[in-house]
Structures are given as structure tokens and as C-alpha cells.
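Participant: I have a structure here, written as C-alpha cells, and I will follow up with some questions on it.
The values are calculated or read from the model by the stated rules, or taken from the named source; none is laboratory data. These numbers come from a predicted model, not from an experiment. Glycine also receives a Cβ, built like all others from the backbone with ideal geometry; neighbour counts cover every protein chain displayed. Protein only, heavy atoms only, side chains kept; ligands, DNA and RNA dropped before computing areas. Shrake-Rupley method; radii C 1.70, N 1.55, O 1.52, S 1.80 Å.
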Amino acid sequence: MSTLTLRIPDSKYERLKSYAKSKEISLNKLFDEFATIALIQFDAKTRFDAMREKGNKGRGLELLDK
């Protein structure tokens, strides 16, 4: 497991701390959730881009017309 140091304004830190408390989780768990969401979005975009490169533009437009 790795350690990450993040520098953010105190006001943002306090708001994030309140958010984590409202979800009844630690700040560490909150940032782990944020990282998971970011990686899911990155993976989806990567897959989409790869499929776009392999795809047939004409066929894609035909499907959209249906």
C-alpha cells in the first residue's frame, strides 16, 4: 500500500472531512472511493477509444439512424 500527500486549502479539507463524516467513512476511504470512480471513468474512455479506432464509421452511423 502507498501513501499519498495531498495539499489542498484548509476550507476544502474541512468540507471533505464533513462529507466523509456524513457518509460515516474515513477520509482515507472517501479518497479511495474517489480514486476508484476516476479509474473506472479512465478505463471506460480507454475502451471506448480503442473500440472507436477499430470500428466502422459507416456502420456506426447506420446504427444511429435506426
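Participant: Among the residues of segment 1-17, what is the count of those that are loosely packed, with under 10 Cβ neighbours inside 10 Å, of a type in the set (A, V, I, L, M, F, W, C) and part of a helix (DSSP H, G or I)?
Facilitator: Total satisfying the criteria: 0.
Participant: If you don't mind, there's one more thing I want to ask. Cβ-Cβ distance below 6 Å, separation of 6 or more or different chains: which pairs start in segment 28-44 with a residue that is within 20 Å of ARG7 (Cα to Cα) and end on one that is open to solvent by less than 60 Å² (accessible area, probe 1.4 Å) and assigned to a helix (DSSP H, G or I)?
Facilitator: Note: pairs meeting the criteria are LEU30/ALA20.
Participant: Of the residues that make up segment 32-49, is at least one part of a helix (DSSP H, G or I), over 19 Å from the mean Cα position of the chain (by Cα) and at pLDDT 95 or above?
Facilitator: No.
Participant: When you go through ALA20, ALA38 one by one, which is the residue that is aliphatic (A, V, I, L, M) and either out of contact with any Leu (no Cβ under 9 Å at 6 or more places or on another chain) or open to solvent by 100 Å² or more (accessible area, probe 1.4 Å) (or both)?
Facilitator: From the options ALA20, ALA38, the qualifying one is ALA38.
Participant: Could you list all residues from segment 41-60 that are open to solvent by less than 90 Å² (accessible area, probe 1.4 Å) and of a type in the set (A, V, I, L, M)?
Facilitator: ALA44, ALA50
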